[in-house]
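Everything below concerns the one structure shown next.
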Amino acid sequence: MERTFAVIKPDAVRRNITGKILDRIEAAGFSIVGMKRILLTKEQAMGFYYVHRERPFYDELCSYMASGPIVVLALEKEDAIAGWRSLMGATNPADAAEGTIRREFGLSLGENSVHGSDSPESAAFEIPYFFNCLELV
Ligand code: IDP
Ligand code: MG
């Protein structure tokens, strides 16, 4: 069993499609072992996306992630990290495969509805950024 970290981003929460995305996650066999709806400050978003601090879109990305409530999730499944990346689809919804969440719900390269850890190292940073051990059940 492996755990990964997922976010339902502000564009999706704002459009009331949280439930639709959770349905896709559960239908794909993930167990939701942690979940909460929160509103990040821009500073908290900057800490979360620290790896992207040198990228030209860092400021825009962090402002967007702090622009409205998000739903943060810890997901468990065999090969959860790769499996969730594959269910999410490519970063740009226009390039995402048919049947992926970003293809179905994403609005643009920036507002692409969901986040997922890209490696075990990322998951090991991202899960405890949002959840303590008592919140993972
Ligand atoms: P990922 O979410 O598929 O792992 P990353 O390259 O890690 O993609 O980028 C993190 C997030 O930053 C993306 O999900 C997207 O919201 C945003 N992003 C990526 N590239 C751009 C860009 O060129 N312009 C604006 N936002 C971007
Ligand atoms: Mg990434």
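What follows draws every value from the coordinates through simple rules; no lab data is involved. Everything quoted here is computed from the prediction, not taken from an experiment. Cβ placement follows ideal geometry from the backbone for every residue including glycine, while neighbour counts extend to all protein chains displayed.
Key figures for this structure:
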quantity	calculated
Per-residue Cβ neighbour rank within 10 angstrom, fewest leading, PHE125, PHE131	PHE125, PHE131
For THR91, THR18, THR41, order by how many other beta-carbon atoms lie within 10 Å, fewest first	THR41, THR91, THR18
Order of ILE101, ILE81 under a 10 Å beta carbon neighbour criterion, fewest first	ILE81, ILE101
The range 36-88: C-alpha gyration tensor shape, a/c 1.5 cut-off, then a/b vs b/c	oblate
Restricting the range 44-137 to trypsin sites (Lys or Arg not before Pro) in coil, as DSSP defines it, with at most 16 other Cβ within 10 Å	ARG53
Cleavage-rule hits, GluC sites (Glu not before Pro), the range 31-137, DSSP coil, Cβ neighbours within 10 Å at most 12	GLU54, GLU78, GLU98
Helix-only CD estimate at 222 nm, as mean residue ellipticity for the chain, using -39500 (n - 2.57) per DSSP H run (n ≥ 4)	-10500 deg cm²/dmol
5 angstrom amide H check on VAL33, placed H, neighbours 5+ away	ALA74, LEU75, GLU76
Per-q log10 I(q)/I(0), the range 1-90, q = 0.12 Å⁻¹ (Debye; single scatterer per alpha-carbon; no solvent)	-0.39
Contact order relative to length of the range 1-133, as percent, for alpha carbon pairs under 8 angstrom and 6 or more apart	37
Gained length - THR18 relative to GLU98, 0.36 nm times residue gap less alpha-carbon distance	26.8 nm
Gain in span if fully extended, VAL51 to PHE125, counting 0.36 nm per residue against the direct Cα distance	25.6 nm
Size of electric dipole in the chain: Cβ of Lys, Arg +1 and of Asp, Glu -1, about Cα centre, debye, nearest 20	400
